[in-house]
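No lab work stands behind these numbers, since they all come straight from the coordinates. This one's a predicted model, so the numbers in the text were calculated from it and none came from an experiment.
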Amino acid sequence: MLAPMEGLADEVLRDVLTSLTPYDQAVTEFIRVSAAVVPRRAFLRISPELRNGGRTPSGTPVQVQLLGSHPERMALSAATALPLSPAGIDLNFGCPAPTVNRNRGGAVLLDEPETLHSIATAVRQVMPVGGPPLTAKMRLGVADKGRAIECAQALASAGVERLVVHARTKAEAYRPPAHWQWVARIADSVDIPVVANGEVWTVEDWMRCRAESGVADVMIGRGAVADPFLARDIRAGIVRDAADPRADDWARIESAIAYFWSRVRAKVEARHAPGRLKQWLNMMSRRYEQAATLFAHVRPLRTAADIDAALLGLGITCDRQAA
């Protein structure tokens, strides 16, 4: 599965990543439910895939993710989304961002298993039997892991049908390691499928994750952004030499960069576009020398027009077709 990544994996990057390698499912960035029910237009803005049967252009099903602490408003927001035919409704109990947590959203609720249960119960009640699934994503706790199993059981008993576990606490944020053995403990405590998430950057990481967690399924986030072919290699069990130049892969990625840049240019103000491209290239620099070289080339450039010219000079032309 392709993880929801706030501020990173919007519909543009979801389109690019799912066109480069197959995923069984993707999840949107969270849609915040605060003082009011989320309107239809907000779902269509965060997930334009809803205009395509709830799928990316390459056919990957996309769930919409809700974040909030008010059971009734969460349920009414889910009810607004359901007629748009998302691939499912996902509940966010994993976001560690302080601005989100201060407003009682995301991982901070893991100190309140009863609130998790109330939210999931309310949302479950508006979802039709046999319709799209209700799922959730959680961390191992706020500052410690003492209530992780209790939280998982609260969600499962409320009708959540699949649980993704990011194997770190809120306090640990994104610092390694991920505690995959806790995924195993949670999986043993509930009777619904559990998916492992956190610190899977390579096929070797996935193999260790699977061995320690005991679960078959994985959700990858930053690892998928850094290596757009990671999911493909996981499926095939291919362990690649770090020195592998991956020439064929890079040719496809280069085409995808051009497509990504054209989509970003069309979506955001020109002054914001360079940061989006630099963000992705910087992350890919972890796995691809070619990305590091390209990142170094565009990093000092400040305007979208300058990057247009630089990419053209390098022979990277903006193809409007999907990667």
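List of remarks:
- Between the stretch 56-134 and the stretch 160-205, the alpha-carbon centres lie 19 Å apart.
- Qualifying aspartates and glutamates (Cα of each under 14 Å from Cα of Lys170; at least 8 residues distant if same chain): Asp111, Glu112, Asp144
- Axis of helix 289-298 versus longest Cα principal axis of the chain: the two differ by about 80°, to the nearest ten degrees.
- Folded to 0 to 90 degrees: helix 203-213 orientation relative to the chain principal axis, Cα: 10 degrees
- Here the Kirkwood formula puts the hydrodynamic radius of the stretch 11-236 at 17.4 Å, using every distinct Cα pair.
- Proximal lysines relative to Lys278, as straight alpha-carbon distance under 24 Å, when same-chain residues fewer than 8 apart are discounted: Lys267
- On Cα atoms only, tilt of 304-313 relative to the major axis of the chain in degrees: 50 degrees
- For the stretch 122-132, 3J(HN,Hα) per residue [Karplus equation, 6.51 cos²θ - 1.76 cosθ + 1.60, θ = phi - 60°, Hz, x = Gly/Pro]: 5, 5, 4, 5, 9, 8, x, 4, x, x, x
- Calculated on C-alpha atoms, the gyration radius of the stretch 247-313 divided by its Kirkwood radius gives an Rg/Rh of 0.94.
- The chain: relative contact order as a whole-number percent, Cα under 8 Å and 6+ apart: 14 percent
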